[in-house]
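A quick write-up on the structure given underneath.
The values are calculated or read from the model by the stated rules, or taken from the named source; none is laboratory data. The shown structure was predicted, so the numbers you read here are calculated from the model rather than taken from an experiment. So basically every Cβ, Gly included, is an ideal-geometry build from the backbone, and we count neighbours across all protein chains shown.
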Amino acid sequence: MENFKFEALVTEDSQLRKLEDCIKKIPNISDWQITKRLNGILLSVKAANIRAFDIVLTLQEDGFSLERLYEE
């Protein structure tokens, strides 16, 4: 199981609902959480057998721009 964190500029509630629907359709994501921030959101994902790149690519196809965050 891998933990990934992404940042996205999602400020509208309608965008947030659409993002949630898109996340639910991605296979291999077992758990996820969205934390609202001042200038967007933090998306935390637990997933197995999927790369962060594939998550970003899938959500980009649905119109979202995400950036993966790396923890030190």
Quickly run through the stretch 1-33 and pick out the residues that are touching a Ser or Thr at 6+ places or on another chain (Cβ under 8 Å) and aliphatic (A, V, I, L, M). M1, A8, L9, I26
Can you tell me which residue in the stretch 47-72 is surrounded by the most Cβ atoms within 10 Å (Cβ to Cβ), limited to those that are within 10 Å of the chain's Cα centre (by Cα) and in a strand (DSSP E or B)? L66
Kindly establish whether L43 is in contact with a strand residue (DSSP E or B) (Cβ under 9 Å, 6 or more places away or on another chain) and either aliphatic (A, V, I, L, M) or part of a helix (DSSP H, G or I) (or both). yes
Identify, please: which residue in the stretch 13-32 is closer than 16 Å to E2 by Cβ and either surrounded by 12 or more Cβ atoms within 10 Å (Cβ to Cβ) or more than 12 Å from the chain's Cα centre (by Cα) (or both) and is, among those, modelled with the lowest pLDDT? P27
Specify which of the listed residues (L38, L9, L57) is touching a Gly at 6+ places or on another chain (Cβ under 8 Å), free of Cβ contacts under 8 Å to residues at least 60 places away in the same chain and of a type outside the set (F, W, Y). L9
Pick from the stretch 35-46 the residues that are hydrophobic (A, V, I, L, M, F, W, C) and surrounded by fewer than 17 Cβ atoms within 10 Å (Cβ to Cβ): which of them is nearest to E7 (Cα to Cα)? L42
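Go through the stretch 1-12 and count every residue that is touching a strand residue (DSSP E or B) at 6+ places or on another chain (Cβ under 9 Å), in a loop (DSSP other than H, G, I, E, B) and surrounded by fewer than 16 Cβ atoms within 10 Å (Cβ to Cβ).
Summing the residues that are touching a strand residue (DSSP E or B) at 6+ places or on another chain (Cβ under 9 Å), in a loop (DSSP other than H, G, I, E, B) and surrounded by fewer than 16 Cβ atoms within 10 Å (Cβ to Cβ) in the stretch 1-12 gives 3.
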